[in-house]
Structure formats: C-alpha cells, structure tokens
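Have a look at the structure below before the remarks.
The values are calculated or read from the model by the stated rules, or taken from the named source; none is laboratory data. Values in this document were obtained by computation on a predicted structure and should not be read as measured data. All Cβ positions, even for glycine, are placed from backbone atoms using ideal geometry, and neighbour counts span all protein chains on display. When the accessible area is computed, the model is the full protein with side chains, heavy atoms only, and any ligands, DNA or RNA have been set aside. Shrake-Rupley method; radii C 1.70, N 1.55, O 1.52, S 1.80 Å.
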Amino acid sequence: MDRTPSKTLAALWMAGWLSLMLIIAIAGREAAREINLFQLMEMRSVLGFLMLYPLIHASGGFGAMRTKRLPQHVARNLIHYGAQLGWFLALTLIPIGQVVAIEFTMPIWTAILAATFLGERMTFWKIAAIVLGIIGVVVIVRPATSEVEPGQLIALAAAVGFGVSVAMVKSLTRTEQPLAIMFWMLVIQSALGLFPALYVWQWPPAHLWGWVVIIAFCGTFSHYCMARAMLHADATVVIPMDFLRVPLSAAAGWLIYSERLDMFTVVGAALILAGNLLNLKPNPPTKARAPS
C-alpha cells in the first residue's frame, strides 16, 4: 500500500471522509423518519459487511480475520453500537451542526480513557483540551439558562460512547489489523441488532432503500478514507481537516432543513475545536536518565 508522504493526497482522502460523513448525517435523518433505528442499524451492518467482503477476500478470506481477543471486540462493539444508536437518534432531535459540534468532544473523552486505562501520559495540553471541551459543551447546552434538550444529552452520551470505543480500538490495534477490527465490528453488531430489528421489522418502502444503502456505504468506507489519509500525512495534519465538518454540517442543515445555529453553539463549537487542536500538540520528549 502506497505510504508516500503527501499533504495533497491526504487532503483528497480527507475530502472523501468529509463528503461521506456529511452524506450519512443527512441520510440518517431521512431514514430515521420512516424506519425504526434498530432496523436501520441492522440493515446498515449487513449491507456494510457485503460491501466490505471484497476487501476481506483480497486479504486472505475469513481465515485472516481470526482473533484471540474476541471478548474485547464484543465489549467494544456493545459500546459502539449504543453510541451509534444515540447519534442517529440525536440527528432527529436537534440541528445537525449541533450534533456534530458535540460529537467533537469524542477525542477529549478518548484522551481521558487512554490516560486512565492505556497508560498514556496526561500532559498540560491534554488537560487544557479537556477543560476547553467541557466548557464548550456547557456553553452549547446552557443548563443554567434554559431547559436542556434531550437530543443534546443523547448526542453527548454518544460522544462519550465513541470516545470509549476509540480508546478500545487503540488497544486492539496493538495486535489486530484494521480490516479485522472492521470485520468483527460488522459481524458483532449484526448479531447484536438481529433480534431487536426482527421484533420491530417492517418491510421498508422502495424509496427508503436508497437511503439505507447510502448509510451502509458511507458508514463503511468513510473510515477507509480516513485510514488512507493517515498513510500520507501525520495525524497533526489530517485531524484538523476534519474540523471543517462543523461549519459544513451547519451549512448543510441551513440549506436543506433551514436550521439556524445560535451564537452559543458557535462559541461552544469553537472552544471544543480549540481543545482538539491543543490535544494534537506533540508530547515533549522525555529526558534520558543519566547513567549512575
């Protein structure tokens, strides 16, 4: 696989990521209006697996997907499945731009969990990022000045769940290949959602299948675009490009749904994104101990 350093190639792959993530937000809102979320999640996982199979086959088939860490995969996907449900539900309750702004607290929760459970260092910049992120959420939600909307709390819970999931993925990547992690995600989440989906199942109308296929495609291959971008540039170059998702999502919400973001959401999003930028600062090199 080509690993040539290139900011241009990284930007092109990130453009794919941004486009797919914007599309899945709109498709998720449209589909969730007419179909139960459990059914939507099940169809997304099954179709995503079918779309991923050519890559699995090219990498050696199911035998290459074997793992010795199945309990960790199951635990990670229980949390990720719940976070995805919350994210889709939040899209139907509050403006898209607000959902995405709150979602960007995910790296902050990941930093806390990685420091707590994976032994990563908690630097001054990471602490500052966490503080800014929490202040940003408080500014958006404004619990002291107005009634907190359920969609805001659901979006925040989803962001925390995604943070836990990412921290667990960081642990899994020490021994597992990215394709195997995606394989087990789709298999486990298909199994998790099977009985709830069958319980509420109603055959979708023909026009809804288009939205479902879009969700499955975007949900599966957006992560591939991100991974390819990471091959061509460092995270400190790639991740700030993702911050464009906040204004782009706000613009999409305004153009398609006539949603308007208030100044509190704009200021809160700016604080959260500033925290993410601080979180990307490289750790200072550790001083070598002098020989005794």
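Need pairs with beta-carbon distance below 9 Å; first residue touching a residue at least 40 places away in the same chain (Cβ under 8 Å) and farther than 9 Å from LEU278 by Cα and within region 119-140, second hydroxyl-bearing (Ser, Thr, Tyr) and loosely packed, with under 15 Cβ neighbours inside 10 Å; sequence gap 6+ or separate chains.
Close Cβ pairs (under 9 Å, with a partner that is hydroxyl-bearing (Ser, Thr, Tyr) and loosely packed, with under 15 Cβ neighbours inside 10 Å) amount to ARG121/THR286.
For region 154-168, does any single residue satisfy the condition of being open to solvent by 50 Å² or more (accessible area, probe 1.4 Å) and either out of contact with any helix residue (DSSP H, G or I) (no Cβ under 6 Å at 6 or more places or on another chain) or not in a helix (DSSP H, G or I) (or both)?
The answer is no, given that none of the residues of region 154-168 is open to solvent by 50 Å² or more (accessible area, probe 1.4 Å) and either out of contact with any helix residue (DSSP H, G or I) (no Cβ under 6 Å at 6 or more places or on another chain) or not in a helix (DSSP H, G or I) (or both).
I'm trying to understand the selection: among the residues of region 141-153, which are part of a helix (DSSP H, G or I) and modelled with pLDDT of 80 or more? Explain how you work it out, then say what you get.
Of the residues in region 141-153, the ones part of a helix (DSSP H, G or I) are 141, 150-153.
Of everything in region 141-153, those that are part of a helix (DSSP H, G or I) and modelled with pLDDT of 80 or more turn out to be PRO150, GLY151, GLN152, LEU153.
For residues that are under 20 Å from ASN77 (Cβ atoms) and outside any helix (DSSP H, G or I), scanning just region 169-212, find the one that is least open to solvent (accessible area, probe 1.4 Å).
GLU176
How about region 27-77: which of its residues are aromatic (Phe, Trp, Tyr) and within 25 Å of LYS170 (Cα to Cα)?
PHE49, TYR53, PHE62
Return only the number of the condition from (1) modelled with pLDDT of 90 or more; (2) open to solvent by 10 Å² or more (accessible area, probe 1.4 Å); (3) within 25 Å of LEU172 (Cα to Cα) that ALA83 does not satisfy.
(2)
Does any residue of region 193-208 turn out to be hydrophobic (A, V, I, L, M, F, W, C), within 26 Å of TYR81 (Cβ to Cβ) and in contact with a Leu (Cβ under 8 Å, 6 or more places away or on another chain)?
At the first step, the residues of region 193-208 found to be hydrophobic (A, V, I, L, M, F, W, C) are 194-195, 197-198, 200-201, 203, 206, 208.
After this cut, where a residue has to be within 26 Å of TYR81 (Cβ to Cβ) as well, the list is 194-195, 197-198, 200-201, 203, 208.
With in contact with a Leu (Cβ under 8 Å, 6 or more places away or on another chain) added as a condition, the list becomes none.
No: zero hits.
Scan region 38-70 residue by residue and report those that are among the aliphatic types (A, V, I, L, M) and in contact with a Ser or Thr (Cβ under 7 Å, 6 or more places away or on another chain). Full working, then the answer.
Initial filter on region 38-70 (among the aliphatic types (A, V, I, L, M)): 40-41, 43, 46-47, 50-52, 55-56, 58, 64-65, 70.
Passing the criteria: VAL46, MET51, LEU52.
Based on this model, can you work out whether VAL99 counts as under 12 Å from ALA159 (Cα atoms), surrounded by 16 or more Cβ atoms within 10 Å (Cβ to Cβ) and either β-branched (Val, Ile, Thr) or over 20 Å from the mean Cα position of the chain (by Cα) (or both)? Explain how you work it out, then say what you get.
Values: under 12 Å from ALA159 (Cα atoms): yes; surrounded by 16 or more Cβ atoms within 10 Å (Cβ to Cβ): yes; either β-branched (Val, Ile, Thr) or over 20 Å from the mean Cα position of the chain (by Cα) (or both): yes.
It is true that VAL99 is under 12 Å from ALA159 (Cα atoms), surrounded by 16 or more Cβ atoms within 10 Å (Cβ to Cβ) and either β-branched (Val, Ile, Thr) or over 20 Å from the mean Cα position of the chain (by Cα) (or both).
Of all residues being in a loop (DSSP other than H, G, I, E, B) and modelled with pLDDT of 90 or more in region 23-53, which is least open to solvent (accessible area, probe 1.4 Å)? Just the residue, please.
We begin by selecting, within region 23-53, every residue in a loop (DSSP other than H, G, I, E, B); these are 33-36.
Still in the running and modelled with pLDDT of 90 or more: 35-36.
Values: ILE35: 14, ASN36: 63 Å².
If we take residues in region 23-53 being in a loop (DSSP other than H, G, I, E, B) and modelled with pLDDT of 90 or more, then ILE35 is least open to solvent (accessible area, probe 1.4 Å).
Do the conditions hold for THR67, that is, is it outside any helix (DSSP H, G or I) and among the polar types (S, T, N, Q)? Please lay out each step first, then the result.
Values: outside any helix (DSSP H, G or I): yes; among the polar types (S, T, N, Q): yes.
The answer is yes for THR67.
Taking the options ALA101, ALA114, name whichever one is modelled with pLDDT under 75 and among the aliphatic types (A, V, I, L, M). Steps first, please.
Working: ALA101 fails: modelled with pLDDT under 75.
Step by step, each of ALA101, ALA114 is checked, and only ALA114 is modelled with pLDDT under 75 and among the aliphatic types (A, V, I, L, M).
Among the residues of region 145-179, write down those that are of a type in the set (Lys, Arg) and under 15 Å from THR110 (Cβ atoms). Before you say what the answer is, go through the steps one by one.
Pass one, region 145-179, residues of a type in the set (Lys, Arg): 170, 174.
Within region 145-179, LYS170 is the sole residue that qualifies.
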